[in-house]
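Single-structure report; data block below.
Laboratory data are not the source of any read-out in this text; all were calculated from the coordinates shown. What you see is a predicted model; the values in this text were computed from it and never measured. No Cβ is skipped: glycine too gets one built from the backbone with ideal geometry, and neighbour counts run over all protein chains shown.
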Amino acid sequence: MNATAAHHQRASPELSDTDLAYIAQAALTWNRSLPPDAVRASAKAGWLTLAGEVQWHYQRQDAADCVRHLPGVAGIRNDITLRPAATAAAQLRAAP
């Protein structure tokens, strides 16, 4: 097996994708830098997909970092989008 294939092999073949997604979601829930329920995790063949919306780039990165080394993770697809905070000017324009 070459180095590339070894890198993409699942670290824990006995862990199902359902279990992996559950464990990843639990880790995301305990991550204090993320708003509650802001990020969702799903898994397929050991690859985690993170989806949701956060306000800051560091939150997007923290989400990936907190699940990267979980057992069974072969890779991460970070589909979390950024939702910038509304500025005071925008809030005033939106006010009735």
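Calculate, for D65 and A86, the FRET efficiency according to 1/(1 + (r/R0)^6) with r their C-beta to C-beta distance and R0 35 Å; round to the nearest 0.05.
0.80
Rounded to the nearest 0.05, what FRET efficiency do D37 and R93 have when you use their Cβ-Cβ distance and R0 = 25 Å?
0.30
Can you give me the Kirkwood hydrodynamic radius for segment 24-72, using every pair of distinct Cα atoms, in Å to one decimal?
Roughly 10.8 Å, rounded to one decimal.
Around R68, which amide H atoms from residues at least 5 apart in sequence, or from another chain, sit under 5 Å from its own amide H, with H modelled in the peptide plane?
HN-HN under 5 Å from R68: empty list.
With labels modelled as points extended 7 Å from the Cα through the Cβ direction, what inter-label distance (nm, one decimal) is found for Y58 paired with A27?
For Y58 paired with A27, the spin-label model returns 2.1 nm.
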